[in-house]
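Trainee: Here it is, the structure, as structure tokens.
Laboratory data are not the source of any read-out in this text; all were calculated from the coordinates shown. Here the structure is a predicted model, which means the values were calculated and not measured.
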């Protein structure tokens, strides 16, 4: 039925794209949440003040990944 009606097909395609976009946004948010949790755990391990979620949430993914690399390096150096 959908394939026979161009209008219905467009509506279906738009809704499918919206659903896919929402799923992608949720997966990205989940990944960022994991990065933030990892940073806070590493901060605790190196005896740093633990950053607030809101502060970390405002950072770019690249910035969060850089923070993780730096904290891991500090942890390794502590031995």
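Trainee: Roughly what angle does helix 6-45 make with the longest principal axis of the chain, taking Cα atoms, 0 to 90 degrees, to the nearest 10?
Mentor: For 6-45 against the chain, the angle is about 10 degrees.
Trainee: How long are the semi-axes of the ellipsoid equivalent to the chain, from square roots of 5 times the Cα gyration tensor eigenvalues, in whole Å, largest first?
Mentor: Details: eigenvalues 382, 22, 13 Å².
Semi-axes from the Cα gyration tensor: 44, 11, 8 Å.
Trainee: Against the longest alpha carbon principal axis of the chain, how many degrees, from 0 to 90 and to the nearest 10, is the axis of helix 61-78 turned?
Mentor: 30 degrees
Trainee: Okay, helix-only estimate at 222 nm for the chain: each DSSP H run of n ≥ 4 adds -39500 (n - 2.57), divide by all residues, round to 500 deg cm²/dmol; what do you get? If you can, show how the numbers build up before the last one.
Mentor: Numbers: 3 runs with 63 residues, N = 79.
Taken over the chain, the calculation gives -27500 deg cm²/dmol.
Trainee: Note the full-extension length gain between residue 47 and residue 8 as 0.36 nm times their separation in residues minus their Cα-Cα distance, in nm to one decimal. Walk me through the numbers on the way to the answer.
Mentor: On the way: separation 39, 0.36 × 39 = 14.04 nm, distance 5.83 nm.
So the extension gain works out to 8.2 nm.
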